[in-house]
Amino acid sequence: MENPYEEGRLLLINKPVDWTSFDVVKKLRYTLKVKKIGHAGTLDPLATGLLIIGTGKFTKKLNELQGLDKTYEGIIEIGKTTPSYDLETAFDSESEWSHITGEDLEEARKAFLGDISQVPPAHSAVKVGGERAYKKARKNEVVKLEPRLLTIHNFEIDASNLPEVKFSVSCSKGTYIRSLAHDFGQKIGVGGYLKKLVRTSVGEYQLSDAVNLDEFILQHNEGS
């Protein structure tokens, strides 16, 4: 019997927390019994949300899909920082934040709209001298990454539950939301880190149309 996934399919998966994007690809390669499979844009292990998977002939479309704009929702907690800019590493600073006003947060928000320059996190997969930056960072080596130009199309915040700042952002390819959280915290002078992140869309593809990984695997196994 012919394997339709070997021929080619585009899958919308809701990535579970604590899974790397490669973990998802590896699990689906085994489940679907396909050789050619990949994803259209990494999500950090602690992030959840839309991961586009291509199999067979659709792997050729993945580069094109990676270039699409993306939207995210999440929480930045102000007053604390971590080396990884998220909860992958322990807190390394804590600051008083009670003096921060809504006006302070609004001014900071505006500073990140439009074309901006952003330095990726040291704990990222960017290669430095042929080695992934996060591997150097984990060995406490100094990691110097070059800033990148990108575009933040929309950045909305809800500061009704400080020190948590809920946000939604629409941005171009290559944007690190962890860096956005860190830089936002630096802008208001008390630090900040990314507490939660969900990718809600990639171009026209929506998280609302995605299937939870475990559900997809269960459905596939029942149908095969």
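The values are calculated or read from the model by the stated rules, or taken from the named source; none is laboratory data. This one's a predicted model, so the numbers in the text were calculated from it and none came from an experiment. With ideal geometry, Cβ positions are generated from the backbone for all residues, glycine too; neighbour counts draw on all protein chains shown. Note: accessible area is taken over every heavy atom of the protein model, side chains too, but ligands, DNA and RNA are not part of it. Shrake-Rupley method; radii C 1.70, N 1.55, O 1.52, S 1.80 Å.
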*Given Cα pairs under 8 Å that are at least 6 residues apart, what percent is the relative contact order of the chain?*
28 percent
*Would you calculate a helix-derived [θ] at 222 nm for the chain, using -39,500 (n - 2.57) for each DSSP H run of n ≥ 4 and dividing by the full residue count, to the nearest 500?*
-7500 deg cm²/dmol
*Are any of the pairs K15/K61; K15/K144; K26/K166 more than 27 Å apart by Cα-Cα distance, and if so, which?*
K15/K144; K26/K166
_Compute the helix-to-body angle for 102-111: its Cα long axis versus the longest principal axis of the chain, expressed 0 to 90° and rounded to tens._
60 degrees
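Report the extension gain between Q219 and D18 in nm, rounded to one decimal, defined as 0.36 nm multiplied by the number of residues separating them, less their alpha carbon distance. Mind showing how you got there, number by number?
Details: separation 201, 0.36 × 201 = 72.36 nm, distance 2.21 nm.
So the extension gain works out to 70.2 nm.
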_Note, ³J(HN,Hα) from phi for the range 177-182, Karplus 6.51, -1.76, 1.60, rounded to Hz, x at Gly and Pro_ = 5, 4, 5, 4, 4, 4
*What accessible area per residue, rounded to a whole number of Å², is obtained for the range 92-190 using a probe radius of 1.4 Å?*
56 Å²
*What does a probe at A125 reach in the range 183-206, counting residues whose amide N is under 18 Å from the point 7 Å along Cα→Cβ?*
197-203
*Angle between the Cα long axis of helix 21-32 and the longest principal axis of the chain, 0 to 90 degrees, nearest 10?*
10 degrees
*C-alpha long axis of helix 213-223 to longest principal axis of the chain, angle in °*: 10 degrees
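Answer rounded, prolate or oblate for the range 137-199, using the Cα gyration tensor with square roots of eigenvalues a ≥ b ≥ c: rounded when a/c is under 1.5, else prolate when a/b is larger than b/c, else oblate.
Details: a/c = 2.01, a/b = 1.30, b/c = 1.54.
Note, shape of the range 137-199 comes out oblate.
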*Just tell me which aspartates and glutamates come within less than 19 Å, Cα to Cα, of K196; anything on the same chain fewer than 8 places away is out.*
D18, D44, E73, E77, D86, E88, D92, E94, E156, D158, E164, D183
*Find the centroid of the Cα atoms in the range 70-122 and in the range 7-43, then give the distance between the two in whole Å.*
30 Å
*Mean separation of Cα contacts under 8 Å (6+ apart) over length of the range 87-166, as relative contact order %*: 31 percent
*Just grab the label-to-label distance for A90 and S160, each label 7 Å out from Cα along the Cβ direction, in nm (one decimal).*
3.7 nm
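Would the range 94-224 count as rounded, prolate or oblate if I go by the C-alpha gyration tensor, calling it rounded below 1.5 in a/c and otherwise prolate when a/b exceeds b/c, oblate otherwise? Write out the running numbers ahead of the final one.
Numbers: a/c = 1.86, a/b = 1.28, b/c = 1.46.
Here the range 94-224 falls in the oblate category.
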*If the cut-off is a Cα-Cα distance under 17 Å, which aspartates and glutamates reach K57, setting aside same-chain residues fewer than 8 apart in sequence?*
E2, E6, E7
*Excluding ligands and nucleic acids, what accessible area in Å² is computed for F216 using a 1.4 Å probe, to the nearest 10?*
20 Å²
_Length-normalised contact order for the range 13-128 - Cα pairs under 8 Å, 6+ apart - percent_ = 18 percent
